[in-house]
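Notes follow once the structure below has been shown.
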Amino acid sequence: MSTAAALTPSRRPHRVVQWATGAVGRSVIKGVLDRDDMELAGVWVHTPAKAGADAGVLAGRDPVGVTATGDVRDILDLDADCVLYAPSPAQDRVAELDLICSLLSSGKNIVSLSGFVYPQAHGPHYANELEQACKRGGVSIHGSGISGGFMADVMPLTLTRLSRQITHVYSRQVFDFAPHPSWQMVHHMLGFGKDEEAYRRALRPTRTAMRAVFSESLHLIAAGLGVDLDEVDVDVEHRLARTDLAPAAGPIPRGTVAAARWTFSGLAAGRPVITIEIVHKADAARMSDEWGRPGYSLRVDGRPSLTLATDEQWVSDEISAAASHALNSVPVVCAAEPGIRTCLDLPMIGGRMRI
C-alpha cells in the first residue's frame, strides 16, 4: 500500500477518540477539529472533574457537542475508527494490556503516543495478545510520538540509510521543561522538586516506566538493522537545583532534584551497539551545560560515520509536534492490515500541506 493510497479521501472522515486530555491530548483534540478528514467521536478523561465536560472546552476551544467520559464502556460502545492513546506512560505495560486489547477487540485502531512503537520488546506473549486482539477487531496498533516514536528510533533508522558496516548508533535528547505546563509530568513523573530521599524512593517505578518506553525504541532500531539484542541496560543520574527555579509547571526549590540523565544501552555480542540518552532539565537556561544544551544529537558509527545535531529551535512546539505525528499516522494505520504495525511495516508517514 502506498502513502498516496492511504491518504486518498475516504467516503467519510475518520472518526477518532482522544484518550486522556493532558497537554498532548488537548493538542490532539485541536488538531482533529482543524482537519476536514477527521471527526471527533469521543474523549476519555482520567480526572472525574473533567467527566461531562465538552471536549472543545477542555481543549480551549468553543463547545463542539462531544462530552468527555471517564467510563471505558462508553468508549468501547462508540462507533469510531481510531483511538489516539495518550495517557501518562504506564509503569507496568502488562497492567494496561487488558484495556488495550479491549479497545482493539471493539474494532478500533490505536495510534499511541505512550509506547507501543515496538511491543515485541516485551516478549512473545505480550505481542501475541495484541496480535490476537487486532485480529478479533480487524484493526492495527501503532506507536507514534516525538521522543519515543520519532527522535529516539525513527530518526536514527532513517539516518542509517546513508551508512553500511554500522557498529554503533547513539542518540541524545536534551529536554528543557521550563515551558512545559504539566505538574503531573514535571513534578510527579520526572520527580523534579523532590528532595533526594523522596526522589530515590520514587525512582523504582519511574525506572520501570522509562525502561518500558525506551527498550521498545532500542529493539525497534535493532530490528531495523537486523540485530537481536541480548539485553537492555538502564542507568540514571540526577542533579540538584543550585538556585530556586520557576518553570511553568510550578516551583522547584534550591537543593531539590532539577535534572536527570537516563542512559539506555542495547547490548549485543557483549557490548553496547545502540545507546539512547534522555536528559531532562527543569530550566535549562538557569542550569549548567552539563549533559548538553536542549536539542538533539545523533551519531552513526559506520562507513561513512554520520552526525546530526540540532539546538532547541529544531521544533517550535514539541507538544504540537507529537500530536501532529499521531494525527498524520491515523489514515495510514486505519488502512493497514490488522496487527502490530511499527514504522518498519508502514509506508512513510507525512504531513498535509495547506494551500
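The values are calculated or read from the model by the stated rules, or taken from the named source; none is laboratory data. Given the structure is predicted, the values throughout are model-derived calculations rather than measurements. Because the Cβ atoms are built from the backbone with ideal geometry, glycine has one as well, and the counts that use them run over all protein chains shown. All accessible areas refer to the heavy atoms of the entire protein, side chains included, with ligands and DNA or RNA removed. Shrake-Rupley method; radii C 1.70, N 1.55, O 1.52, S 1.80 Å.
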| request: For region 91-111, name all the residues that are outside any helix (DSSP H, G or I) and loosely packed, with under 15 Cβ neighbours inside 10 Å. | output: ASP92
| Just to be sure, is ILE75 closer than 27 Å to GLY351 by Cα, in contact (Cβ under 8 Å) with a residue 24 or more places away in the chain and β-branched (Val, Ile, Thr)? | no
| query | So, in region 42-85, of the ones that are aliphatic (A, V, I, L, M) and more than 20 Å from HIS14 (Cα to Cα), which residue ends up least open to solvent (accessible area, probe 1.4 Å)? | reply | VAL45
| said: in contact (Cβ under 8 Å) with a residue 24 or more places away in the chain and in contact with a helix residue (DSSP H, G or I) (Cβ under 9 Å, 6 or more places away or on another chain): which single residue out of ALA260, ALA285 fits that description? | reply: ALA260
| query | Consider SER88 against the criteria (1) over 16 Å from the mean Cα position of the chain (by Cα); (2) open to solvent by 50 Å² or more (accessible area, probe 1.4 Å): it satisfies all of them except one. Which criterion is unmet? | reply | (1)
| field | Boolean, LEU344 is assigned to a loop (DSSP other than H, G, I, E, B) and under 27 Å from SER163 (Cβ atoms) | value | yes
| request: Filter region 270-324 for residues that are at positive phi and either β-branched (Val, Ile, Thr) or open to solvent by 50 Å² or more (accessible area, probe 1.4 Å) (or both) and give the result. | output: GLY270
| task | Please enumerate the residues belonging to region 201-232 that are closer than 30 Å to GLY255 by Cβ and either open to solvent by less than 50 Å² (accessible area, probe 1.4 Å) or modelled with pLDDT of 95 or more (or both). | result | ALA202, LEU203, PRO205, THR206, ALA209, MET210, VAL213, PHE214
| In region 248-282, the residues that are of a type in the set (D, E, K, R) and either closer than 25 Å to LEU218 by Cβ or within 22 Å of the chain's Cα centre (by Cα) (or both) | ARG261, ARG271, GLU277, LYS281
| request: Would you check which residues across region 336-348 are out of contact with any Leu (no Cβ under 8 Å at 6 or more places or on another chain), open to solvent by 50 Å² or more (accessible area, probe 1.4 Å) and touching a residue at least 60 places away in the same chain (Cβ under 8 Å) and list them? | output: GLU337, PRO338, ARG341, MET348
| remark: Considering only strands (runs of 3 or more DSSP E) wholly within region 160-277, the ones with at least 3 residues that are among the polar types (S, T, N, Q) are 164-176
| Can you name every residue in region 124-157 that is open to solvent by less than 40 Å² (accessible area, probe 1.4 Å) and farther than 30 Å from PHE175 by Cα? | TYR126, ALA127, LEU130, ALA133, CYS134, GLY137, VAL139, SER140
| task | Of all residues in region 76-98, count the ones that are out of contact with any helix residue (DSSP H, G or I) (no Cβ under 7 Å at 6 or more places or on another chain) and at pLDDT 95 or above. | result | 6
| task | Quick one: which residue in ALA198, ALA260 is buried (at least 19 other Cβ atoms within 10 Å of the Cβ), among the small types (Gly, Ala, Ser) and modelled with pLDDT of 95 or more? | result | ALA260
| query | Going by the conditions given, is ARG239 in contact with a Phe, Trp or Tyr (Cβ under 9 Å, 6 or more places away or on another chain), basic (Lys, Arg) and open to solvent by 30 Å² or more (accessible area, probe 1.4 Å)? | reply | yes
